[in-house]
Amino acid sequence: LKLDGCYCNASEFSTGFPAVGAALNATGRPILYSCEWPLYEYRETDKIPYAEIAETCNLWRNTEDVQDSWASVDRIIEWFGDNAGNLASYAGPGNWNDPDRLIIGDYGFSFLKRETQIAVWGMMGGPP
């Protein structure tokens, strides 16, 4: 399940996202829970509660949607490079940073750019 944060009040994220996670867990079924909690928090503050997010969500989006351009991919790579210290300890089995979709099937990108994106995506702790 992907839960977006569009048009939501950021002050409710610390209760809303965990409530949905608890409801999903209460089903007793394995459900992958993707949230955009950090993406919208970054618009409000630079203190993102990654420990709480990692307890609640399986993967989380940190950046805007990737677009079909190398400039967009590069912005996401730069963002992760600038913020790696805040993220590295929270990614692991069952928890992943979500750098958005791969553009590697876009033949407008050179082979090297496609290869670079898939390699960096893995280093960012993206989902397998």
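The values are calculated or read from the model by the stated rules, or taken from the named source; none is laboratory data. Every value quoted in this text rests on a predicted model; they were computed, and no experiment measured them. Note that each Cβ is placed from the backbone with ideal geometry, even for glycine, and that neighbours are counted across all protein chains shown. Note: areas computed on protein heavy atoms with side chains; ligands, DNA, RNA excluded. Shrake-Rupley method; radii C 1.70, N 1.55, O 1.52, S 1.80 Å.
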With the structure loaded, tell me whether residue 96 is hydrophobic (A, V, I, L, M, F, W, C), part of a helix (DSSP H, G or I) and closer than 21 Å to residue 64 by Cβ or whether it fails that test. no
Contact list please: Cβ distance under 9 Å, first residue in region 1-18 and among the acidic types (Asp, Glu), second residue surrounded by 13 or more Cβ atoms within 10 Å (Cβ to Cβ), pairs at least six apart or on different chains. 4/35; 4/36; 4/39; 4/40; 4/61
Checking residue 54 against (1) assigned to a loop (DSSP other than H, G, I, E, B); (2) at pLDDT 90 or above, which single condition isn't satisfied? (1)
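Please specify each residue of region 57-73 satisfying the condition of being assigned to a loop (DSSP other than H, G, I, E, B) and surrounded by 13 or more Cβ atoms within 10 Å (Cβ to Cβ).
Applying the first criterion (assigned to a loop (DSSP other than H, G, I, E, B)) to region 57-73 yields 57-58, 62-69.
Matches in region 57-73: 57, 58, 62, 63, 64, 66, 67, 69.
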Applying the selection to region 118-128, what residues are within 22 Å of residue 54 (Cβ to Cβ) and either assigned to a helix (DSSP H, G or I) or among the acidic types (Asp, Glu) (or both)? 120, 121, 122, 123
Checking residue 48 against (1) closer than 26 Å to residue 11 by Cβ; (2) open to solvent by less than 20 Å² (accessible area, probe 1.4 Å), the condition it does not meet: (2)
Can you tell me which residue in region 74-117 is farthest from residue 51 (Cα to Cα), limited to those that are open to solvent by less than 50 Å² (accessible area, probe 1.4 Å) and among the acidic types (Asp, Glu)? 106
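Among the residues of region 38-54, count how many are within 16 Å of residue 126 (Cα to Cα), of a type in the set (A, V, I, L, M, F, W, C) and touching a helix residue (DSSP H, G or I) at 6+ places or on another chain (Cβ under 8 Å). Let's see the steps before the verdict.
As a first pass, look at region 38-54 and keep what is within 16 Å of residue 126 (Cα to Cα): 38-39, 50, 53-54.
Checking the rest, the ones that are also of a type in the set (A, V, I, L, M, F, W, C) come to 39, 53-54.
Cutting the leftovers down to touching a helix residue (DSSP H, G or I) at 6+ places or on another chain (Cβ under 8 Å) gives us 53-54.
Total satisfying the criteria: 2.
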